Amino acid sequence: MPLDPVSTLMLEEAGSLPGRVLVVDDPDGALVRAVADTGAQVRAWNDDVREENGVPLEARLTGSIADWAPDLVLWRLPRSLGALEDYAQTLANELPAHARVLAGGRIKHMTPGQNTVLGRSFADVSASLGRQKSRVLRASSPLPGPQRWPQRRYLPEVGLTAVAHGAVFATNRLDPGTHLLLRTLARVASEPEGSIRQTRGTALDLGCGSGLIAAWLASVGWVTTATDVSRQALLSAQLTAHANHTEVALRRADGLAGVAPDSFDLIASNPPFHRGAAKDSAPAFAMIAAAKTVLRPGGELWLVFNSHLPYLPALRRHVGPTNIEAQDRSFIVTRSLKEPTG
Ligand SMILES: C[S@@+](CC[C@H](N)C(=O)[O-])C[C@H]1O[C@@H](n2cnc3c(N)ncnc32)[C@H](O)[C@@H]1O
């Protein structure tokens, strides 16, 4: 697989590679392979399990960064400053003092704020010249210090505490779509005829992020699993569950891959609508297509999504009868039933 311009620039900036290289969030495994081809020892750390699957098993970092003690880190810059700060503080606390960091990104996604954030964790920060619409930030002389992440916040609107790492969707805030979904679930649960109230079986928060939906489900009695592609999301979901005095099981996977048929009575999700910087509805469509199989007969899929997204026909086709349970200016909440005979 050819190297993209960001990875190419990072390798050129690195010059001759030292003994141990850590590659962080390589999207396709190509940079990890290119480093290995030079003879350097390489380990990869990926937040997203789909990216991790592109890395050979023997190249995956299994222990801590401090244990591996890399001389050089090649890091695909995250877009959010919270994620950048969270990772930068971890690196500054765990790297050997002599280690260098080269953090590359597409110029259109980079801001001067990134230099400022990096400068709080590394004494020396500078930027490369841009090439092929890409740039590399160089950071060295790590400044170990207190970790500001994960961060917690009480959300009075839903009576829950969110705890989140910096790379997590909405971090510890309440996304307005998630708010509408939780309000609607709570309303239906309080209705005498609401099936949500009558059955308290197994529930899945699909694409859990900080795990607020999972924490709510567990708090009202569901045996709950939280699943996400992101390592940071699952760490956060666990912290959020504990902050709300609940227990949830955790699963790091792409959508519903590997979930046994007829496993859940309820799936609730604010599904992903982008991957990295790019809008992408494919994971949400894949989740809808797979939901019926993993729901028990009589089970329900609850989704919240932006009203303009064309999920309704897919829900009706793939899952079953689908009602709109709530709608505001931006979002729609749907409830799809896997018919008892389905
Ligand atoms: C819109 S966010 C919702 C997060 C959280 N449930 C909330 O309501 O704040 C979607 C989440 O789906 C996760 N995600 C993206 N693609 C996924 C996939 N293929 N399988 C599972 N989770 C995925 C993202 O990491 C993100 O946490």
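Couple of notes before you dig in:
- Unique residue being more than 16 Å from residue 206 (Cβ to Cβ) and within 16 Å of the ligand (Cβ to nearest atom) when the list is 269, 307, 236: 307
- Within the set 260, 249, the sole residue that is among the small types (Gly, Ala, Ser) and within 25 Å of residue 149 (Cα to Cα) turns out to be 249.
- Restricted to helices (runs of 4 or more DSSP H) entirely inside region 1-103, those with at least 2 residues that are touching an Asp or Glu at 6+ places or on another chain (Cβ under 9 Å) are 30-37, 49-52, 65-68, 81-94.
A quick yes/no check of all residues on (1) under 16 Å from the mean Cα position of the chain (by Cα); (2) assigned by TED's automatic domain parsing to the domain that holds residue 27; (3) farther than 30 Å from residue 45 by Cβ:
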site: 262; (1), (2), (3): no, no, yes
site: 275; (1), (2), (3): yes, no, no
site: 286; (1), (2), (3): no, no, no
site: 290; (1), (2), (3): no, no, no
site: 304; (1), (2), (3): no, no, yes
site: 307; (1), (2), (3): no, no, yes
site: 318; (1), (2), (3): no, no, yes
site: 333; (1), (2), (3): no, no, yes
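- Selection from region 260-284 of residues that are modelled with pLDDT of 95 or more and surrounded by fewer than 21 Cβ atoms within 10 Å (Cβ to Cβ): 260, 261, 262, 263, 271
- Any hit, region 155-175, residues being outside any loop (DSSP other than H, G, I, E, B), modelled with pLDDT of 95 or more and of a type in the set (Phe, Trp, Tyr): no
- Hey, residue 44 modelled with pLDDT of 95 or more and either of a type in the set (Val, Ile, Thr) or farther than 30 Å from residue 112 by Cα (or both) or not: no
- Residue 60 falls short of the stated requirement of being within 17 Å of residue 134 (Cα to Cα) and under 24 Å from the mean Cα position of the chain (by Cα).
- Subset of region 152-192 (residues that are hydrophobic (A, V, I, L, M, F, W, C) and either closer than 30 Å to residue 25 by Cβ or within 10 Å of the ligand (Cβ to nearest atom) (or both)): 155, 160, 162, 163, 164, 167, 168, 169, 170, 174, 181, 182
- Considering the conditions (1) touching a helix residue (DSSP H, G or I) at 6+ places or on another chain (Cβ under 9 Å); (2) surrounded by fewer than 18 Cβ atoms within 10 Å (Cβ to Cβ); (3) not small (Gly, Ala, Ser), residue 5 is excluded by exactly one of them, (1).
- Any hit, region 207-223, residues being near the ligand (Cβ under 9 Å from one of its atoms) and of a type in the set (S, T, N, Q): yes
- Yes/no for residue 150 being at pLDDT 95 or above, in contact with a His (Cβ under 7 Å, 6 or more places away or on another chain) and either crowded, with 20+ Cβ neighbours inside 10 Å or not charged (D, E, K, R) (or both): yes
- Within the option set 172, 115, being assigned by TED's automatic domain parsing to the domain that holds residue 231 and in contact with a Leu (Cβ under 9 Å, 6 or more places away or on another chain) holds for one residue only, 172.
Conditions tested, residue by residue: (1) outside any helix (DSSP H, G or I); (2) touching a helix residue (DSSP H, G or I) at 6+ places or on another chain (Cβ under 6 Å).
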position: 200; (1), (2): yes, no
position: 205; (1), (2): yes, yes
position: 210; (1), (2): yes, yes
position: 232; (1), (2): no, no
position: 242; (1), (2): no, no
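Each row is one residue, and each column tells you yes or no for (1) among the hydrophobic types (A, V, I, L, M, F, W, C); (2) more than 28 Å from residue 272 (Cα to Cα); (3) touching a residue at least 40 places away in the same chain (Cβ under 8 Å).
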residue	(1), (2), (3)
121	no, yes, no
125	yes, yes, no
138	no, yes, yes
143	yes, yes, yes
166	no, no, yes
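- The single residue among 241, 226, 257 that is within 14 Å of the ligand (Cβ to nearest atom) and more than 24 Å from residue 319 (Cβ to Cβ) turns out to be 241.
- Subset of region 260-276 [of a type in the set (Phe, Trp, Tyr) and touching a residue at least 60 places away in the same chain (Cβ under 8 Å)]: 264
The values are calculated or read from the model by the stated rules, or taken from the named source; none is laboratory data. Predicted model only: the values in this text are computed from it and were never measured. Note that each Cβ is placed from the backbone with ideal geometry, even for glycine, and that neighbours are counted across all protein chains shown.
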